[in-house]
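The values are calculated or read from the model by the stated rules, or taken from the named source; none is laboratory data. Note that the coordinates shown come from a computational prediction; the quantities given were computed from them, not determined experimentally. Glycine also receives a Cβ, built like all others from the backbone with ideal geometry; neighbour counts cover every protein chain displayed.
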Amino acid sequence: MESTPLIRVQDLTKHFYIPSGFFGRSNIVVKAVDGVSFNIQAGETLGMVGESGCGKSTTGRAVLQLHKPTSGKVFFDGRELTALRHEELRLLRTRFQMVFQDPYASLNPRHSVGAIIAEPLVIHGIMSGNELQDRVTELLELVGLNPAYRNRFPHEFSGGQRQRIMIARALSVKPDFIVCDEPISALDVSIQAQVVNLLQELQEKLGVAYLFIAHDLSMVKHISHRVAVMYLGKVVELAGRNEIFDNPIHPYTQSLTSAVPIPNPKLERRRQRIILKGEPPSPANPPSGCVFHPRCPIAEKICKMEAPEFSEIQPGHFTACHLAHTQIENKIVKDAPIY
Amino acid sequence: MPPILEVKNLVTKFHAIDGVVNAVNGVSFTLEEGETLAIVGESGSGKSVSMMSILGLLPSPPAKVESGQAIFHSEKGAVDLLKLPYEEMSNMRGGRIGFIFQDPGTSLNPILTVGEQITESLTRHLGLDSQQARRRAVDLLAVVGIPDPELRFSAYPFQLSGGMRQRVMIAIAVACSPSMVIADEPTTALDVTIQAQIVSLFKDLRKKMGVSTIWITHDLGLVAGLADRVLVMYAGKVMESAPVDDLYENPQHPYTVGLLGALPRLDTDEERRLVSIEGAPPDSTIPIQHCPFAWRCTRVFERCWQEVPALLDVEKNHQASCFAVRGRGG
């Protein structure tokens, strides 16, 4: 183990209870996040990918205690967030912030941009008066917006500019860690590149760590140092950015990477795709054993019976697959090149 | 053989209360027999509005197709889709021309079963009786890879997942063996593994039926494996048109170059900054009087601010609307 991680997540679960049956007397349990563990180092970006409904956003929110976890522990800089009282947690919130997906729904339309960016500083009583105004100017410049825009309202800005406002708001309290929940999904390609470049520059300048949640694998590979792949509430594979895309071990990761189109026509024509059958099952009624087994092209008997352990199969490369060792020995990965 | 569709100088505007939106500003292209043409562009570039204009699906008012031609060639000869009377256009849609929309959640009728929606076009366009139509609809559901087609025939759209609904949309689009299919971002709402399923289904059908296709998308990655030719749109104009290999290997227009540079790549481990195109697309309520990309262009010079560049050949089969590409004399 290197230095103590900034974030340590241990066996995190978040279950939602949906009333059903006669007068809602019984509950359906949706296991949105079901036993997730990972670390994030200071100044590092951990990418988190998966398809809709796999629990990646819920994980992000549960880490920040925006959803109270059902069980499991989250440590931030050595302090156990899950055990803190409300007031203690509130004070600590200046050190971790969030950037949301939809830049239209997450900015108050009746507040000026200056007020939106200043709000965290006001709430936490960190600054006021001229000092506060200077800080807003500094933040607007930091994210590449004209400080003269401070009196304008969110509707006067484009999607990319709103996402910059959201980043400025998150940065106002000088956090060590930001959860970015699909921050670029709503944006056009040319604008996505602007926002991603900004996030990378800010990390270099300020040393902030990110949990970057997205469904765009190419972008996650681009921005992350390490990547976690989620499927149906579980992390199925976690490794360095090049390792996980060049040598994926879990069959789900393999099919996911093979499904991503590459902007190169000649390569695309040669590519062998692993096309999964069916669709992800509902997290309200997950399959027995390994949750991926009904769609897995190499599933065996054991996969139906027992849930695989999430373990370190090679240094720094974690996966939850019964057949991980056979996968590596058979070099299935090499025989079926992903690109 | 004549091309299946020739669009010439299409102009579509929206007359809103507070101004005129110039959505499509003179778009021309051709779709060859059996070809897949991808139309790529960012939101507001006019790619969907061009296709909706051709299909006659825009509500008027506020929309108005101001000028242009869309010559569609079929066994019955050539017709201008923009001048077709309403009744004939209705026969064309779903008959000779199939279409697939982006959001299968809202483009299927929620109160009709999947079967009713497929048989509707079969009885209308092919004149099948209800028994024949039912048999063909079940076959079609099987062709597009829906398990238990007999059972799903009576299912309502809400009982199906997004991927399944998009398969139903495809079944409706190809039900009457059209000669042309227009697909507007058909996989954008889907997850990447489901997208791969739909794209592979689509390629299969294309091969089997030999149908000519226009595929509208913003995803330059997807286009690489799918299209024969690519049209890049920006601000309601065609910026570049080229065969797919040529476009990726030898992009000419600074906008295309920027777009390709802005894409992160899964096939490289190299760490680099993405190319970002500074600024944002122009306000479409202001009529175009010079190159619409001039504000954001890295190769801009005086002439770009004075006239609108025409879409002209830069190489064989490769056109671009750019003064810089043609050299200052061009």
Residue, nearest to residue B:148 (Cα to Cα), within region A:259-278, restricted to residues that are within 8 Å of chain B (Cβ to nearest Cβ) and touching a residue at least 12 places away in the same chain (Cβ under 8 Å): A:276
Residue match in region A:200-216 (condition: among the aromatic types (Phe, Trp, Tyr) and within 12 Å of the chain's Cα centre (by Cα)): yes
Hits in region B:182-224 (condition: surrounded by 21 or more Cβ atoms within 10 Å (Cβ to Cβ), of a type in the set (A, V, I, L, M), touching a residue at least 24 places away in the same chain (Cβ under 8 Å) and more than 21 Å from residue B:3 (Cβ to Cβ)): B:190, B:194, B:198, B:199, B:220, B:222, B:224
Odd one out for residue A:302 among (1) away from every other protein chain (no Cβ under 14 Å); (2) in contact with a Leu (Cβ under 9 Å, 6 or more places away or on another chain); (3) assigned to a loop (DSSP other than H, G, I, E, B); (4) of a type outside the set (Gly, Ala, Ser): (3)
So residue A:313, is it in contact (Cβ under 8 Å) with a residue 60 or more places away in the chain and not in a loop (DSSP other than H, G, I, E, B): yes
Any chance residue B:227 is within 11 Å of chain A (Cβ to nearest Cβ), touching a residue at least 60 places away in the same chain (Cβ under 8 Å), outside any helix (DSSP H, G or I) and surrounded by fewer than 23 Cβ atoms within 10 Å (Cβ to Cβ): no
Failed criterion for residue A:150 (all others in (1) of a type in the set (Lys, Arg); (2) outside any helix (DSSP H, G or I); (3) buried (at least 16 other Cβ atoms within 10 Å of the Cβ) hold): (2)
Per-region count, region A:78-114, residues more than 24 Å from residue A:128 (Cβ to Cβ), modelled with pLDDT of 90 or more, surrounded by 12 or more Cβ atoms within 10 Å (Cβ to Cβ) and in contact with a Phe, Trp or Tyr (Cβ under 8 Å, 6 or more places away or on another chain): 1
Given (1) of a type outside the set (Asp, Glu); (2) within 23 Å of residue B:197 (Cβ to Cβ); (3) more than 8 Å from every other protein chain (Cβ to nearest Cβ), number of the condition residue A:235 does not satisfy: (2)
Helices (runs of 4 or more DSSP H) contained entirely in region B:128-211, each with at least 2 residues that are within 14 Å of chain A (Cβ to nearest Cβ) and either within 16 Å of the chain's Cα centre (by Cα) or basic (Lys, Arg) (or both): B:162-174, B:192-209
Test result for residue B:106, surrounded by fewer than 17 Cβ atoms within 10 Å (Cβ to Cβ), free of Cβ contacts under 8 Å to residues at least 40 places away in the same chain and not in a helix (DSSP H, G or I): no
Top-ranked residue of region A:155-182 - restricted to ones that are away from chain B (no Cβ under 14 Å) and part of a loop (DSSP other than H, G, I, E, B), ranked as farthest from residue A:114 (Cα to Cα): A:176
Inter-residue pairs, beta-carbon under 8 Å, first touching a residue at least 60 places away in the same chain (Cβ under 8 Å) and buried (at least 21 other Cβ atoms within 10 Å of the Cβ) and in region A:159-182, second of a type in the set (Ser, Thr, Tyr) and assigned to a loop (DSSP other than H, G, I, E, B), 6+ apart: A:166/A:106
Single residue of A:308, A:287 found to be modelled with pLDDT of 90 or more, surrounded by fewer than 19 Cβ atoms within 10 Å (Cβ to Cβ), assigned to a loop (DSSP other than H, G, I, E, B) and away from chain B (no Cβ under 14 Å): A:287
